[in-house]
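Q: I am attaching a structure below and will ask some questions about it afterwards.
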Amino acid sequence: MIRYFSFCLDPFGPMRRRFIFWQTFLLPFKPPSWDEYPNEVVAGDNYFKLRRFKRGISPAILVIPPHAGRHGNVAANLIRVCQGFKNSVYVFELLPANETNKDCDLDRLVRSVEKCVEFCGQPYLIGLCQGAWLAAIVAALNPGAVKAYFNFAGPIDFKAGDGKIKKACEAFHIGLFRIVVNSNRGIQPGWAQWWYFTLMDPARVFFDEPSKLHKKVLANDEKGIVEWKNNRRWFWSPQNLPGAWYLEAVQRLFMENQLISGAMEIGGRAVNLRKIDCPIFLYAGGNDEITPFQQVYNLADHVSVPVAKRFFKDCGHTSVFCSQEPLDFLREDLKKLGCCE
């Protein structure tokens, strides 16, 4: 009876919803770009750009989004939270690899972030996923340069837990990764990164995501449909990585766990996590199959400063830095540090 009256009120409803679904699912899209957001480039070179999203008071907030084969705009929700404060907000952008910057190794990558930290002047440093272990290295190499360190789902103890990347690195030899990079003239192609992550959970990519869109269309959830489209643009727009730092990271971090063993060196400088001398905030998700919470939390066993742990039982990997509950905690943590809205 309810379906009958619904049909009388909207006889073309089923056809309209099918059209919306297939239009959203099949139409081509424009790859994400930071130019879609109000900001200005204030520093950079052939390898990176430092973007200012808000001019405000000190200390500044410096966000290091993940650069693991996709665009850093996955941090957009977190950046909006930071913009709610009176502090200046900056975002580090690692440029996609090409023939002119594919030689970027870990030393150059770290030095690029160090330039941004120096430009910002002792900022609150917020790292997401790959950006979190990069930020930890920078904080350890530069005592006194960072006012607080936030880690959102970023691995530090790469051998802890039971994550899918850990299993893959245990199953494959570094030679396989070198073959991919060398066959692409020193570049880790974005399509390879896309397949690596997709094959970790192909059912989610090819079945669960279309199902989510279908449910949002049936519910006339316009906001949810927009969010789904934005996530699709991000996921299906892979970016190339410099093969030099990529291979170093795979071998030295993921396979050899050098941050924890103490063997890590960057440009001849030893990386000692105990030299991090600022407050630390660790954010982890209970459903994170990429970075299990142990890989994040074990940093606390290797530092000598106060550590605050935030656990979100229902959060998967990107949810740790995209969903509302963790971002509410970030807002409160920044207030505790003295940031004013």
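Q: When you check ALA97 against the structure, is it over 22 Å from ALA148 (Cα atoms), surrounded by 23 or more Cβ atoms within 10 Å (Cβ to Cβ) and in contact (Cβ under 8 Å) with a residue 24 or more places away in the chain, yes or no? Spell out the reasoning first.
A: Numbers: over 22 Å from ALA148 (Cα atoms): yes; surrounded by 23 or more Cβ atoms within 10 Å (Cβ to Cβ): yes; in contact (Cβ under 8 Å) with a residue 24 or more places away in the chain: yes.
Answer is yes for this residue.
Residues checked against (1) closer than 13 Å to GLU209 by Cβ; (2) touching a Pro at 6+ places or on another chain (Cβ under 6 Å):
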{"site": "ILE225", "(1), (2)": "yes, no"}
{"site": "ASN231", "(1), (2)": "yes, no"}
{"site": "TRP236", "(1), (2)": "yes, no"}
{"site": "ASN240", "(1), (2)": "no, yes"}
{"site": "TRP245", "(1), (2)": "no, no"}
{"site": "VAL250", "(1), (2)": "no, no"}
{"site": "MET255", "(1), (2)": "no, no"}
{"site": "SER261", "(1), (2)": "no, no"}
{"site": "MET264", "(1), (2)": "no, no"}
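Q: Can you confirm whether segment 77-95 contains a residue that is polar (S, T, N, Q) and within 22 Å of TYR196 (Cβ to Cβ)?
A: no
Q: Could you please tell me which pairs satisfy a Cβ distance under 8 Å, a separation of 6+ or placement on different chains, a first residue in segment 163-187 that is touching a residue at least 12 places away in the same chain (Cβ under 8 Å), and a second residue that is surrounded by fewer than 16 Cβ atoms within 10 Å (Cβ to Cβ) and among the small types (Gly, Ala, Ser)?
A: Note: no pairs meet the criteria.
Q: Here's another thing I want to ask about it. In the list SER261, SER319, which residue meets the criterion of being surrounded by fewer than 15 Cβ atoms within 10 Å (Cβ to Cβ), out of contact with any Leu (no Cβ under 9 Å at 6 or more places or on another chain) and not acidic (Asp, Glu)?
A: On inspection, the qualifying residue turns out to be SER261.
Q: Restricting the search to segment 210-235, which residues are charged (D, E, K, R) and closer than 23 Å to THR198 by Cβ? Reasoning before the result, please.
A: In the first step, residues of segment 210-235 are kept if they are charged (D, E, K, R); the result is 212, 215-216, 221-223, 227, 229, 232-233.
If the condition is that a residue be charged (D, E, K, R) and closer than 23 Å to THR198 by Cβ, then LYS212, LYS215, LYS216, GLU227, LYS229, ARG232, ARG233 are the ones that fit.
Q: Do you know which of the residues in segment 160-200 that are within 23 Å of PHE312 (Cβ to Cβ), among the charged types (D, E, K, R) and surrounded by 14 or more Cβ atoms within 10 Å (Cβ to Cβ) is modelled with the highest pLDDT?
A: Only one residue tops the list, namely LYS166.
One line per residue, one yes/no per condition, for (1) more than 17 Å from the chain's Cα centre (by Cα); (2) at pLDDT below 95:
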| position | (1), (2) |
| --- | --- |
| ALA249 | no, no |
| PHE254 | no, no |
| ILE260 | yes, no |
| MET264 | yes, no |
| ALA270 | yes, no |
| ASP277 | yes, no |
| PHE281 | no, no |
| ASP288 | no, yes |
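Q: Among the residues of segment 112-152, count how many are outside any helix (DSSP H, G or I), closer than 15 Å to HIS67 by Cα and either touching a Pro at 6+ places or on another chain (Cβ under 6 Å) or aliphatic (A, V, I, L, M) (or both).
A: Of the residues in segment 112-152, 3 are outside any helix (DSSP H, G or I), closer than 15 Å to HIS67 by Cα and either touching a Pro at 6+ places or on another chain (Cβ under 6 Å) or aliphatic (A, V, I, L, M) (or both).
Q: Somewhere in segment 281-298, is a residue farther than 26 Å from PRO143 by Cα and not in a loop (DSSP other than H, G, I, E, B)?
A: yes
Q: Looking at PHE53, PHE85, PHE92, PHE29, can you tell me which residue is part of a loop (DSSP other than H, G, I, E, B) and within 23 Å of CYS339 (Cβ to Cβ)? Working first, answer last.
A: Details: PHE53 fails: part of a loop (DSSP other than H, G, I, E, B); PHE92 fails: part of a loop (DSSP other than H, G, I, E, B); PHE29 fails: within 23 Å of CYS339 (Cβ to Cβ).
From the options PHE53, PHE85, PHE92, PHE29, the qualifying one is PHE85.
Q: Taking SER33 and the conditions (1) on the phi < 0 side of the Ramachandran plot; (2) at pLDDT below 95; (3) of a type in the set (Gly, Ala, Ser); (4) buried (at least 16 other Cβ atoms within 10 Å of the Cβ), which numbered condition does it fall short on, given that it satisfies the others?
A: (4)
Q: Which one of SER88, SER112 is within 29 Å of GLU332 (Cβ to Cβ) and either modelled with pLDDT of 95 or more or surrounded by fewer than 23 Cβ atoms within 10 Å (Cβ to Cβ) (or both)?
A: Result: SER88 is the single residue among SER88, SER112 that is within 29 Å of GLU332 (Cβ to Cβ) and either modelled with pLDDT of 95 or more or surrounded by fewer than 23 Cβ atoms within 10 Å (Cβ to Cβ) (or both).
The values are calculated or read from the model by the stated rules, or taken from the named source; none is laboratory data. None of the values given here were measured: they were computed from a predicted structure. Every residue, glycine among them, receives a Cβ derived from its backbone with ideal geometry; neighbour counts consider all protein chains shown.
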